[in-house]
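Data first, discussion second: the structure below is written as structure tokens.
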């Protein structure tokens, strides 16, 4: 059908008015919303949304956006199409055009259908003219930020996404990892952390500049790699919404329904459409979904208040919009039916019931629930009075009404349980709060390494709290880690729970969404405790989270499950048991044997288990099962790193430590799995990112990802920033895996890369702190070796301080394993740093082994270096005779080599040892020889040492005048050395 001339004129009028953005009747507050007007005209024509969309040539989604005010300003062609599709006359078309031309309003001008008469402070709305002079953030619709009526620009979509994530729950810490996951998913760039910091800095600067309330307080706080927005309800519409909703609930609780209705009206009027509608990466985010559910809950409470006041029309339009958006939400449709019937539209209420009943049957195979069926009967009887509030909250759940027994699914409490007082108190504090008035379901997440006792803690506590949850306790083993290797699918998990709640198999929906919806419906208003054990990830848990805040959920997992933090989960990572609690747990399991055993042996057994509850249980089980096995023998087996996992093998996969560890290892990717294995050949107590990169020959990016994956599975722990460690029993398991899955050549290559890494790093650090002590190797590093970034004396000192325990372990490994030339080169470059007598003894023992290696390989340089180092260490330990012997041998070897520098160093060591034997003349001669040698090789450091030694000898011999004359050279040489090492030094 061709448009009539009149329609063409109307189209032209609509286009002109939309483009110019002018209002025909002045005050915007006197004109209806565009979406409301379209809906009214559509219903007047008797058209459904689908029919109007077809007639206007628009998509159904676009029409719904207009009617629900998610899109307020239609384009000219859309406005003309709607005018044509609705068949409007001239006046109607003009009204629609006026509504479309209304300018976008500042958030302060949000509509409120009914203003309260009371102007007291308690009733003051936060939408006041004061907002025009400060900061206002709006998230209940497109994300917008205003300052003094000026729209703030944040630049890139990524920066808006970061701001949106922080605004999902203002005042709550958001970890940097969550921001990285949101922006880049599984493929973050190497500079991800830097980019996030830059985004946060720009946002902080922009918001603080426009802030009025809060003065100089930080807009964004930083804490431990996490960020938090610190804003008030006068600055964020979401906080304003929650404040109004809380005031409404308080007024309603006090019986002031009229006041409550005003607050509810203000709260729901803040919503401008889909939260964060223009932030693409937040679409489908659990936090956004939770916000929509929060609005629905407040709107339904508003509907209940208006029902009690007999003002059904007041909320009707908003209920209709919510019902259109959630076509299967029975509670919303029940409320809509009551509102329609109360407004005199009983036939429409019946049509709503028939529509939702048909959809439930067609899409889910379900009958209407109790609340929807009750609303239908009330509409038929015209019984529209509000139900008794106390009876509503005390309504029995569907499963109890059906006569099904209350579920009591908790496994038996652990027979021997001790410790964990802090964790038990933390869980109890969560349960002690008033769950009825909680903002959402309370979720407690227990994480930690395999065998740490997560399930035992959860079950032990759940038994203590069972009486507080009279509607039952559910327990679901999600098999996230186990012998099957296959976690329970969420669909199967929810299906199993529905069966246990008495739902006939024929009524269980086939899809996960339908099952989750039915699960939440059954648990509505129930006081139930749900333990979700051994979860694989957050996606497996979400369908099993009830919607009712009267329930409490405890989740255990080896993964961090940080994704649940966005839904308000409280996270707790379990550590090993303290020594006393570990000993007590072992005694409980050993029962009678513990009373007759040697307390020292009990202590050794507990210590060998490293505070790991499963290891303690396995050791006790082995002792109880073998009464003839002396506990001292068992303790000896556990001390041997090669036998300890055999000693803890119970013969069944569920409790054997080796098998339990293997389930965590099986979840790793190939790079993380190989890095974990190679940690078994690395002797240090902890490891850094550059060393881990050298160990496994990975790039820095691959190393960060692999370490993150190991930490996520609790196979590693970042005990200090940038330093990672693991439990000794896990280290033993890694060594076993390396022996099985890595050949000897690959294992030795990994150790050599680490030794090469530390040799070069210690040489660079020594060059800053002790010039001339060691030279940086001129040959290139081995393939795969990552280099340390040491660029100042301060960094060099910190590096030595942080790495001293690793250096000691590596020096011993190099000597015992026959790794030439690292066995003598590494202590040569780093040995000067160790000042403790215990370190000297360990270094001397390692140098004895290094001497044997150099002898077997007939390496004269290695022999000379090992002899010299060993002689000096023996001197420090007080064995002057042995020291003299080794240094004499070193001097002879350096003469054979013809290496002036090595000979000077050896001679200098001899010159320090000879005075201890009262051989001053020989000391003088030795020092003069060192002076000649050091000048010959240009070594100022050794020259200075020789000069001071000669000076000391001359003083001892009474040659003071000659000593004074000779000592004048030392300060000059010292200044030359300082200028050579530090060109910026200007001494006098």
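For segment 573-633, the Kirkwood radius over C-alpha pairs fed into Stokes-Einstein at 25 °C and 0.890 mPa s yields D = 215 µm² per second.
Nearest 0.05, what FRET efficiency do residue 607 and residue 646 give at R0 = 22 Å with Cβ-Cβ as r? It comes out at approximately 0.75. Each residue, residue 186 and residue 40, gets one label point 7 Å from its Cα in the Cβ direction; the gap between the two is 5.2 nm. For segment 506-660, the spherically averaged projection of the C-alpha convex hull amounts to 12.8 nm².
Evaluated at q = 0.14, 0.18, 0.22 Å⁻¹, a Debye calculation over the C-alpha positions of segment 248-293 (equal weights, vacuum) places log10 I(q)/I(0) at -0.49, -0.64, -0.75.
From least to most packed, judged by other beta carbons within 10 angstrom and beginning with the fewest, 508, 687 follow the order 508, 687.
All C-alpha pair distances within segment 646-728, sorted into 5 Å bins from zero, spread as 3, 15, 26, 24, 16, 9, 6, 2, 0 percent across the bins.
Which order do 194, 845, 447, 829 fall in if you start with the one that has the fewest other Cβ atoms within 10 Å?
Working: 194 10, 845 16, 447 21, 829 25.
By the 10 Å Cβ count, ascending: 194, 845, 447, 829.
What the Kirkwood sum gives for segment 131-174 is a hydrodynamic radius of 11.2 Å, with every pair of different alpha carbons counted. Full extension of the chain between residue 223 and residue 326 yields a length gain of 33.2 nm, computed as 0.36 nm times the residue separation minus the alpha carbon distance.
Dividing the alpha-carbon Rg of segment 421-573 by 2.2 N^0.38 Å yields what? Spell out each step's value before the answer.
Numbers: Rg = 14.6 Å, N = 153, 2.2 N^0.38 = 14.9 Å.
Its radius of gyration relative to the 2.2 N^0.38 Å reference: 0.98.
Applying 1/(1 + (r/R0)^6) with R0 = 30 Å to the Cβ-Cβ distance of residue 193 and residue 570, what FRET efficiency is obtained, to the nearest 0.05? Walk me through the numbers on the way to the answer.
On the way: r = 26 Å, r/R0 = 0.85.
For residue 193 and residue 570, the calculated efficiency is 0.70.
Treating each Cα of segment 713-808 as an identical point scatterer and summing with the Debye formula, the log10 of I(q)/I(0) at q = 0.18, 0.21, 0.22 Å⁻¹ comes to -1.01, -1.18, -1.22. Residues 452, 920 in ascending order of nearby Cβ atoms (within 10 Å, fewest first): 920, 452.
Determine the distance separating the Cα centre of segment 157-184 from the Cα centre of segment 795-868; give it in Å without decimals. So the separation of the two Cα centres works out to 49 Å. On the beta carbon distance between residue 748 and residue 424, with R0 = 30 Å, the FRET formula returns roughly 0.05.
Approximating the spin labels as points 7 Å out from Cα along Cα→Cβ, the residue 579-to-residue 48 distance works out to 7.6 nm.
For the pair residue 895 and residue 805, label points projected 7 Å from Cα toward Cβ lie 4.5 nm apart.
With the convex hull of the Cα atoms taken as the outline of segment 312-396, the averaged projected area works out to 5.6 nm².
Taken together, the values in this text are just the output of simple stated rules run on the coordinates, not laboratory data. All values derive from a computational prediction rather than experimental measurement. Please note: Cβ atoms are built from the backbone with ideal geometry, for glycine as well, and neighbour counts cover all protein chains shown.
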